[in-house]
1. So which trypsin sites (Lys or Arg not before Pro) in the stretch 250-288 end up in coil per DSSP with only 16 or fewer other C-beta atoms within 10 Å?
2. Of ASN105, ASN227, ASN264, which has the largest mean-square fluctuation in a 10 Å C-alpha GNM of the chain?
3. Suppose the chain between ALA263 and GLU95 were pulled fully straight at 0.36 nm per residue; how much longer would it get relative to their current alpha carbon spacing?
4. Taking the 0 to 90 degree range and rounding to the nearest ten, how far is the long axis of helix 58-71 tilted relative to the main principal axis of the chain, both from C-alpha atoms?
5. Can you tell me the convex hull volume per residue for the stretch 71-218, based on C-alpha atoms, in Å³ to the nearest whole number?
6. Just to confirm the number: angle between the C-alpha axis of helix 371-386 and the first principal axis of the chain, 0 to 90 degrees, nearest 10?
7. How much length is gained on full extension from HIS171 to GLU48, taking 0.36 nm per residue of separation minus their Cα-Cα distance?
8. Normalised by the empirical 2.2 N^0.38 Å for globular proteins, what value does the Cα Rg of the chain take?
Amino acid sequence: MKTATRLVHAGRNPAAQQGMVNPPVYHASTVLFESLDALERAAANPFEGVYYGRNGTPVQFAFEDAVAEMEGAFGAVTTCSGLAAITAALMSEAEQGAHFLVTDNVYGPTRKLCDGLLKRLGVTTEYFDPTISAEALEARITDATRMLFVEAPGSLTFEISDIPALADAAHRHDATVMADNTWATPLYFNAFEHGVDISIHAATKYLVGHADAMLGVINCNETHYMNVRKTAAGMGYCAGPDDIYLGLRGLRTLGQRLPTHQANAIALADWLAEQPEVARVIHPARADHPQHALFARDFTGSSGLFSIVLEPVARDRLAAMLDHLELFGMGFSWGGYESLILSVDPNRSRTATRWEHDGPTLRIHAGLEAVDDLIDDLAAGLKRLRA
């Protein structure tokens, strides 16, 4: 079936819900068992079926089944946020003396986790240039290397790594390959078809799609699924049932929303590239992106998030542009229906590479508004910057 059809029907079982189209929201902690035998059977297999509220409810299982089906995973694990999903995935491979290889353009909180908690637990993290060759990456692998972490594409600066080649190199040394696939979603990048073992999503963003819930999900192959699930459960991670419901509801319309985010972002990127105040547009779907060939090979589409670099400008002029935008809000996260813009400094979270640009870098999320209105808002902002 086509993607749009699968999104509507994945994880649904109305017959098990008295014919209801959507599964009900279960607010649950205690689960009662009819007999000692039933209790002991459940305790022996706490991750099969309903056992305790923290381990999952029918609405959570429906969400996990749907997300796993969309990416071709063996199974999915739900967490209370995207960062919790990253933490559970990394902790599933963490042990004293382990060596992790992590792309240098990684999401900032992922780096803080590696340099903080994981370091205290005895894990060494080595960061690498996201455009590294497979041969150069393999030279960094040691007997202690347990995990390779990539982003598709990288946070803030959107480099595209050669994930299949890097994954092959890691697998030759029995290292687990993880990818943060939040930007492309399972619709536009199938991580498992490109060598990834564990695909992580901040469902807060495009899967929920409405900026009103915190949610994470980890798609796993069969080898890693139970280890990740037990790690997440052992850390006490569980998402609220209402947030899970919003994630499942958002998933149903992802196939309709994401193409609009994509079209609006490309239109904005193309328009911004023609403005004299803009030094560079960084969008993997544009032919002028340094790794556009890799993007065209591995991805089937792009989302609404990209960056631009302005020509050098004083901070007060940048503030004049940003402070009075009417449609672009300034705030963290992205993936909702609303457009956002954020001034960022990539060098704050890099150690293996440098972001060599003198002007301000702005990350833009194109929402679902009419693109002509978004262009008018940015045009007015650039006019204020010039003034």
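1. Numbers: sites: ARG252, ARG257, ARG280, ARG286; in loops: ARG286.
For trypsin sites (Lys or Arg not before Pro) across the stretch 250-288 that sit outside H, G, I, E and B with at most 16 neighbouring Cβ atoms in 10 Å, the list reads ARG286.
2. ASN227
3. Working: separation 168, 0.36 × 168 = 60.48 nm, distance 4.36 nm.
Length difference between fully extended and current span is 56.1 nm.
4. Taking the Cα atoms of the chain, the angle to 58-71 is about 50 degrees.
5. Working: hull volume 14.7 nm³, N = 148.
Cα convex hull per residue, to the nearest whole number: 99 Å³.
6. 50
7. Numbers: separation 123, 0.36 × 123 = 44.28 nm, distance 2.97 nm.
Extending this stretch completely gives an extra 41.3 nm.
8. Numbers: Rg = 21.6 Å, N = 387, 2.2 N^0.38 = 21.2 Å.
For the chain, the normalised Cα radius of gyration is 1.02.
Each reported figure results from applying straightforward, stated rules to the coordinates on display, with no laboratory input. Since this is a predicted model, take the numbers as computed values, not measurements. Counting neighbours? That spans all protein chains shown, and the Cβs are built from the backbone with ideal geometry, glycine included.
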